[in-house]
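The values are calculated or read from the model by the stated rules, or taken from the named source; none is laboratory data. None of these values were measured; they are calculated from a predicted model. Note: ideal-geometry Cβ built from the backbone for every residue, glycine included; neighbour counts use all protein chains shown.
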Amino acid sequence: MVPTSYYLVLSAVLFGLGVVAFIFKRNIITVFMAIELMLNAVNLAFVTFSRVLGELQGQVFVFFVIVVAAAESAVGLAIVILIQRNRGTLNVERVDSLKD
Amino acid sequence: MLTPQIAIFLILAAVAVAGAVSLILQRHPIHSALSLIVVMVALAGLYLLQGAEFIAAVQIIVYAGAIMVLFVFVIMLLNAGEEERTNLSRMARFVGVPLSVVFLAEVAFSIGRATSRLSAAAVTTVSTRELSSLLFRDYVFPFELTSFLILIALLGALVLARREGTD
């Protein structure tokens with residue numbers, strides 16, 4: 001039997017790596033992928049608690065998180081295409097018109 | 001004590017963490033996307049290990065299948081090349097990176113300690129029938145709302161990505 005804390009530690013580590021990727025990556029598509037990684041880490045915690053507490057609601061939540069992630073990535077990637085079209089770059093450091 | 005379950009868990013966890021680290025280290029977005037697919041497949045294995053069969057299947061089909069194909073598609077459409085190297089500032093390299101590693105270790109350690117008393121409840125495979133009756137009975141209203149959300153996201157993506165002046 002795998003101890004519950006193993007799963008939660010793995011979830012925390014994956015979430016942390018997602019945050020690191022979100023902060024360090026320069027390509028806007030990779031930044032989006034970091035968000036997906038964080039959502040996945042949270043899903044793992046949901047499934048783990050669902051099993052430990054014997055409640056199915058956790059898995060229903062995972063289902064909804066996946067649906068929202070799908071919607072988010074569809075809109076987000078459309079925005080990425082727009083940024084590439086209007087500014088000609090995918091580097092997040094070049095998208096700084098609010099700074100000027 | 002290394003039971004088969006723990007061995008499988010450790011292998012899948014190592015694959016997931018390696019995929020996540022590879023996502024950070026790869027310079028080309030398509031390699032990052034493939035690393036993320038590795039993470040997602042490993043997580044699907046972990047869901048199976050916890051008896052969540054339906055979620056594991058959805059993870060493979062929707063996440064590793066649909067969403068990541070969308071990502072790869074956009075990367076190829078935009079012809080995204082290698083990421084430009086930008087110098088980390090010296091502050092970030094010598095203070096930020098060690099501090100974030102320490103912080104990550106601390107969070108993982110304290111979560112592990114705080115939840116170590118949670119019993120490792122027996123793995124009972126959740127039947128899709130149970131899950132779907134919960135989804136379509138108690139959560140039918142949120143479920144219908146998500147279909148609206150998908151519809152609006154679809155329209156939003158279409159409107160955003162449409163070329164100007166081609167009405």
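Within the set A:77, A:10, the sole residue that is farther than 23 Å from residue B:21 by Cβ, in contact with a helix residue (DSSP H, G or I) (Cβ under 6 Å, 6 or more places away or on another chain) and in contact (Cβ under 8 Å) with a residue 24 or more places away in the chain turns out to be A:77. Among the residues of segment B:93-123, those identified as β-branched (Val, Ile, Thr) and more than 8 Å from chain A (Cβ to nearest Cβ) are B:95, B:97, B:101, B:102. From the list A:22, A:64, the lone residue that is within 7 Å of chain B (Cβ to nearest Cβ), assigned to a helix (DSSP H, G or I) and touching a helix residue (DSSP H, G or I) at 6+ places or on another chain (Cβ under 7 Å) is A:64.
Which members of segment A:39-64 meet the condition of being within 10 Å of the chain's Cα centre (by Cα) and closer than 30 Å to residue B:162 by Cβ? Matches in segment A:39-64: A:39 only. All of (1) within 23 Å of residue B:24 (Cα to Cα); (2) surrounded by fewer than 20 Cβ atoms within 10 Å (Cβ to Cβ); (3) within 13 Å of the chain's Cα centre (by Cα) hold for residue A:68 with one exception: (1).
Please determine whether any residue of segment A:63-72 is modelled with pLDDT under 90 and under 25 Å from residue B:151 (Cα atoms). No; the residues of segment A:63-72 include none that is modelled with pLDDT under 90 and under 25 Å from residue B:151 (Cα atoms).
Against the conditions (1) among the hydroxyl-bearing types (Ser, Thr, Tyr); (2) within 23 Å of the chain's Cα centre (by Cα); (3) loosely packed, with under 13 Cβ neighbours inside 10 Å; (4) in a helix (DSSP H, G or I), residue B:146 satisfies every one except (3).
Among what's in segment A:51-61 and is assigned to a helix (DSSP H, G or I) and either more than 7 Å from chain B (Cβ to nearest Cβ) or touching a strand residue (DSSP E or B) at 6+ places or on another chain (Cβ under 8 Å) (or both), pick the residue that is surrounded by the most Cβ atoms within 10 Å (Cβ to Cβ). Here the residue is A:58. Residue A:82 fulfils the conditions (1) facing another protein chain (nearest Cβ under 7 Å); (2) buried (at least 17 other Cβ atoms within 10 Å of the Cβ); (3) at pLDDT 85 or above except for a single criterion, (2). A residue that is of a type outside the set (Val, Ile, Thr), closer than 18 Å to residue A:45 by Cβ and more than 7 Å from chain A (Cβ to nearest Cβ) occurs nowhere in segment B:61-74.
Scanning segment B:75-85 for residues that are facing chain A (nearest Cβ under 8 Å), within 11 Å of residue A:27 (Cβ to Cβ) and surrounded by fewer than 18 Cβ atoms within 10 Å (Cβ to Cβ) returns a single hit, B:84.
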